[in-house]
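Reading through the structure tokens given below for one structure.
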């Protein structure tokens with residue numbers, strides 16, 4: 001199978017997950033044609049253009065390195081932490097609303113961690129109380145897993161037999177009746193009648 005055609009372009013601005021100003025990158029033709037070039041953040045590289053962007057690149061590189069250093073520090077600080085959120089819930093632990101990436105990012109920021117919404121890797125919103133592992137990731141090679149605990153804002157019913165599906169809906173489990181509990185037509189019990197004895201006269 002032939003690989004998709006690629007083209008070399010010079011970035012004239014920082015592009016997240018791709019590079020910083022002054023980088024020469026190889027990208028798919030479609031990405032170049034539909035996004036990079038129309039947005040004015042990339043163009044065909046020439047030595048003259050690369051030299052013109054050298055100062056901007058130096059500034060961008062320092063900012064990039066400072067940002068990566070901050071992210072590495074944040075990852076280190078997040079090791080082993082548990083983030084606890086309190087939400088309104090029904091008696092079965094289902095949340096009135098859900099906990100999203102933004103909720104988790106905002107809570108982390110409030111606790112002194114510099115984490116934006118895009119760094120929170122949450123496949124689906126959280127819809128019930130409990131403990132959930134959530135990955136915080138910067139770029140491709142810096143990530144850490146934190147535990148997010150969702151507590152209800154009031155005591156809940158203590159029912160161990162409750163089961164919930166992936167969407168947080170209660171699963172109703174019907175218990176099968178035992179043979180003694182299930183009446184059968186052939187052997188149904190008949191109430192015992194009171195025996196009455198009528199004495200007939202001999203000459204009746």
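Treat each spin label as a single point 7 Å out from the Cα along the C-beta direction, and report the residue 6 to residue 100 distance in nm. Going by the 7 Å Cα→Cβ label model, 3.5 nm.
Counting every pair of alpha carbons in the stretch 11-170, the share spaced more than 25 Å apart comes to 51 percent.
Across the stretch 6-52, how large is the tail of the calculated P(r) beyond 12 Å, expressed as a percent of all Cα pairs? Cα-Cα pairs in the stretch 6-52 separated by more than 12 Å: 54 percent.
Do me a favour and compute the ellipsoid semi-axes for the stretch 76-158 from its Cα gyration tensor, root of five times each eigenvalue, largest one first, whole Å. Mind dumping the intermediate values first?
Numbers: eigenvalues 122, 28, 23 Å².
Over the Cα atoms of the stretch 76-158, the semi-axes work out to 25, 12, 11 Å.
For the stretch 1-55, the relative contact order works out to 38 percent when only alpha carbon pairs closer than 8 Å and six or more residues apart are counted.
Hey, with R₀ at 22 Å, roughly what FRET efficiency would residue 109 and residue 65 work out to, going by the Cβ-Cβ distance, to 0.05?
Details: r = 23 Å, r/R0 = 1.03.
Result of the calculation: an efficiency of 0.45.
Contact order, relative form, for the stretch 76-158: 40 percent (alpha carbon pairs under 8 Å, 6 or more residues apart, mean separation divided by residue count).
Where the alpha-carbon atoms of the stretch 1-80 are placed on the principal axes, they occupy 44, 38, 20 Å, in descending order. The ellipsoid that matches the Cα gyration tensor of the stretch 39-83 has semi-axes, each √(5λ) in whole angstrom, of 36, 12, 6, with the longest given first. Here the spin labels are modelled as points 7 Å beyond Cα on the Cα-Cβ line, and at residue 132 and residue 79 they lie 2.6 nm apart.
All of the numbers you see were taken from the coordinates with simple rules; none came from a lab. These numbers come from a predicted model, not from an experiment. Cβ sites come from the backbone with ideal geometry, for glycine too, and all protein chains shown count toward neighbours.
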